[in-house]
Amino acid sequence: MFFSGETIKTIEEIRFISFVLPQIMKVVILENVRSAYNVGNIVRTADALGRKVRIVGYTPSPLDHPKVRKTSLGAEETTDIQQFNSTHEAIQKAKEL
C-alpha cells in the first residue's frame with residue numbers, strides 16, 4: 001500500500017491504486033470535528049468522490065446545522081450521511097459495506 005509522501009514509479013502501481021483504493025475507502029468517518037465549515041467541505045468532497053459520510057461525537061451534522069448545509073452546497077442531499085453515538089459503532093457499520 002502507498003502512504004503519503006511515497007512516489008509512484010510505474011504504470012502498474014497506478015493501476016493498482018486506481019483499482020484498490022476505491023474498494024478500500026468507501027466511508028469517511030468524522031469524529032469530533034469542531035468546525036462546521038470543515039465538515040461541509042468534507043461532505044462536498046465525499047460527494048464528489050462517491051463516498052459515504054459517518055458522523056460521530058460532537059461533529060456538527062448537515063442534517064441539523066445550517067452552517068454545514070451552507071458550506072456543503074447541496075452535497076448533503078446526495079451523500080449518504082449517518083450519525084452514530086460511538087466511533088466503534090461507525091467503524092463496525094463501515095466494515096459491513
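The values are calculated or read from the model by the stated rules, or taken from the named source; none is laboratory data. Since we're looking at a predicted model, the values are computed, not measured. Positions of Cβ are backbone-derived with ideal geometry, glycine not excepted, and every protein chain shown enters the neighbour counts.
Below is a table of values for the structure above.
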item: Criterion (in a strand (DSSP E or B) and under 10 Å from the mean Cα position of the chain (by Cα)) met by exactly one of 53, 39; result: 53
item: Test: residue 85 is surrounded by fewer than 13 Cβ atoms within 10 Å (Cβ to Cβ) and at pLDDT 90 or above; result: yes
item: Residue, surrounded by the fewest Cβ atoms within 10 Å (Cβ to Cβ), within segment 65-82, restricted to residues that are within 19 Å of residue 32 (Cα to Cα) and out of contact with any strand residue (DSSP E or B) (no Cβ under 9 Å at 6 or more places or on another chain); result: 66
